[in-house]
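Each remark here refers to the structure printed beneath this line.
The values are calculated or read from the model by the stated rules, or taken from the named source; none is laboratory data. No experiment lies behind these values; they were computed from the predicted model shown. Note: ideal-geometry Cβ built from the backbone for every residue, glycine included; neighbour counts use all protein chains shown. Accessible surface areas use protein heavy atoms only, side chains included; no ligands, DNA or RNA. Shrake-Rupley method; radii C 1.70, N 1.55, O 1.52, S 1.80 Å.
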Amino acid sequence: MFAVEPRRDCAHIAEAFCNDPLKFVGERTAIEANKCSADGCDHGVENWLCLTCLRLHCGRFANKHAVAHRDATGHAVAVGLADLSVHCYACDAYVQSPMLHTLLNALHEMKFGTTRPDAITRTADELAEMDRLEAAARGRRGGGGG
């Protein structure tokens, strides 16, 4: 049987990650409408939400606007609204990270009206890993503050 194994060490998540569910409040209508934001495209299936700027784009199997957005902006990480999977275009891999729990819980609640069945409380190890990833991203950006 074939199975996709997600990466657990993608540094791009911390570099450009919007983990504040409150930021989705202003974008909720666009996310719920699930229409590609590219000019002239209203594709509404299998769209991807950019985790840097929160814009929706259609995927590789439609008009490839998510890939074009990544190429134009360098925004590498997006979440698929069909199955809430997270993909990093820079790593060319699906990813999982403790940093994604809050985001995925918020999106799941928006989509289904309930919390994720597999929602878990962050462990001390997960929190430490989040701190490590965020510190590494700040170091690459040359910033010291939050």
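Observations on the model:
- The residues on offer are GLY74, GLY80, and the sole one that is free of Cβ contacts under 8 Å to residues at least 60 places away in the same chain and on the phi > 0 side of the Ramachandran plot is GLY74.
- Candidate set: the stretch 93-137, residues that are of a type outside the set (Ser, Thr, Tyr), farther than 14 Å from CYS10 by Cα and not in a helix (DSSP H, G or I); chosen: the one modelled with the highest pLDDT: GLY113
Quick grid of which residues meet (1) surrounded by 16 or more Cβ atoms within 10 Å (Cβ to Cβ); (2) at pLDDT below 80:
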| position | (1), (2) |
| --- | --- |
| ASP9 | no, no |
| ASP20 | no, yes |
| THR29 | no, yes |
| ALA33 | no, yes |
| CYS36 | yes, no |
| VAL45 | no, no |
| TRP48 | yes, no |
| LEU51 | yes, no |
| HIS57 | yes, no |
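- Flag if ALA90 is modelled with pLDDT of 80 or more, open to solvent by 30 Å² or more (accessible area, probe 1.4 Å), closer than 14 Å to ILE13 by Cβ and assigned to a loop (DSSP other than H, G, I, E, B): yes
- Residue count for the stretch 63-82, restricted to those that are at pLDDT 90 or above and touching an Asp or Glu at 6+ places or on another chain (Cβ under 9 Å): 3
- Scanning the stretch 68-94 for residues that are over 20 Å from MET110 (Cα atoms) and in contact with a Phe, Trp or Tyr (Cβ under 7 Å, 6 or more places away or on another chain) turns up ARG70, ALA76.
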